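The values are calculated or read from the model by the stated rules, or taken from the named source; none is laboratory data. The shown structure was predicted, so the numbers you read here are calculated from the model rather than taken from an experiment. Cβ atoms come from the backbone with ideal geometry, glycine included; neighbour counts cover every protein chain shown.
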Amino acid sequence: MANLIRIGSRGSNLALWQARYVASQLESLGNAVEIKVIKTQGDKIQHLSFDKLEGKGFFTKELEEALLDCHIDLAVHSLKDLPTEALDQLVIAGLSQRANPADWLLIHPQAVQKSEVLNLKPGASVGTSSLRRKSQLSAVRADLQLHDLRGNVPTRVQKLHEGQVDGIVLAAAGLKRLNMDLSEFHVVKLNPREFVPAAGQGVLAYQTRKDDLPLRTTIKRLHHSNVARIVNVERKILKLMEGGCHLPLGAYCEQDKMGYFHVWASFAESLEKPLVRAQVSYNTTDQLAEAIIDKLKGH
């Protein structure tokens with residue numbers, strides 16, 4: 001009988017979709033799998049925006065502790081939630097294929113004004129707890145009223161349906177994975193080169209104990225090295241900026257058919273400071289993150 005692989009996951013619809021997606025892949029390789037739900041700090045504290053939560057890793061810390069305590073064998077994370085400072089005993093054993101990395105703006109039908117930038121009426125209220133999204137929204141529409149909005153994807157979509165806000169910004173990957181019905185809303189599909197997503201957005205990270213070599217060998221069969229090349233650049237930018245989820249930083253990398261790497265980044269020291277944008281293209285990933293940092297800091 002195959003060894004049982006215990007997957008740790010948050011309990012949200014999206015996190016469970018992600019865990020089941022990985023479970024099905026592991027089962028197709030002949031493994032027995034079970035999913036264990038673990039509540040994280042970010043799940044328990046819903047009344048505060050991300051920048052007001054203490055520390056980093058508030059969607060990953062409890063999963064990592066469960067790995068270290070051997071309560072689970074594999075943690076499935078959204079890569080954008082995973083801090084860049086890795087614990088010595090743990091390792092990212094594999095990365096998924098990248099889903100759509102973009103953010104989408106969903107607008108209540110009564111708040112649509114197509115003559116305006118972003119198709120939002122003047123003074124519209126937009127819900128998001130991400131400082132990265134707030135900084136980029138403010139840069140293109142200073143009149144927008146930005147409100148903290150927490151909760152899982154269906155909860156946020158329901159709040160928009162009820163008219164609590166005029167618009168919300170969510171990751172396209174989560175909306176597509178959950179097959180959300182967006183037919184009642186006006187959807188603005190933001191270009192990731194212009195509205196820069198979080199580092200690693202759209203990618204799942206498979207984390208194991210470093211000494212669990214048999215599982216690491218299994219997970220390696222699910223790993224996409226082409227994805228790793230580009231998101232490693234994004235995460236290096238995040239690490240060099242000493243950032244976490246609360247940093248108003250976007251980083252997005254693409255590799256074209258000729259093999260060139262193109263990176264876009266956006267950064268604001270705070271919501272009161274101007275947004276800085278940078279773009280760099282290299283034929284190698286070597287020093288690419290550093291070049292973006294130089295541009296962001298030397299504007």
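Remarks
- Answer residue from region 265-296, given it is farther than 14 Å from K236 by Cα and among the small types (G, A, S) and is surrounded by the fewest Cβ atoms within 10 Å (Cβ to Cβ) among those: S270
- Qualifying residue in region 216-226 (condition: among the charged types (D, E, K, R) and either crowded, with 22+ Cβ neighbours inside 10 Å or at positive phi (or both)): no
- In region 18-32, the residue that is farthest from S96 (Cα to Cα) out of those that are touching a residue at least 24 places away in the same chain (Cβ under 8 Å), touching a strand residue (DSSP E or B) at 6+ places or on another chain (Cβ under 8 Å) and not β-branched (V, I, T) is A32.
- Yes/no for L137 being within 18 Å of the chain's Cα centre (by Cα) and within 30 Å of L213 (Cβ to Cβ): no
- From the list A228, A199, the one residue that fits, being small (G, A, S), part of a loop (DSSP other than H, G, I, E, B), touching a strand residue (DSSP E or B) at 6+ places or on another chain (Cβ under 6 Å) and at pLDDT 95 or above, is A199.
- Applying the criterion of being of a type in the set (K, R) and under 16 Å from F195 (Cα atoms) to the residues of region 113-151, the residue that is surrounded by the most Cβ atoms within 10 Å (Cβ to Cβ) is R132.
- Verdict on A205 being under 15 Å from A99 (Cβ atoms) and either at pLDDT 95 or above or in a helix (DSSP H, G or I) (or both): yes
- Test: residue in region 160-167 that is charged (D, E, K, R), at pLDDT 95 or above and under 22 Å from K134 (Cα atoms): yes
- Among the residues making up region 24-52, those that are part of a helix (DSSP H, G or I), surrounded by 13 or more Cβ atoms within 10 Å (Cβ to Cβ) and at pLDDT 95 or above are Q25, L26, E27.
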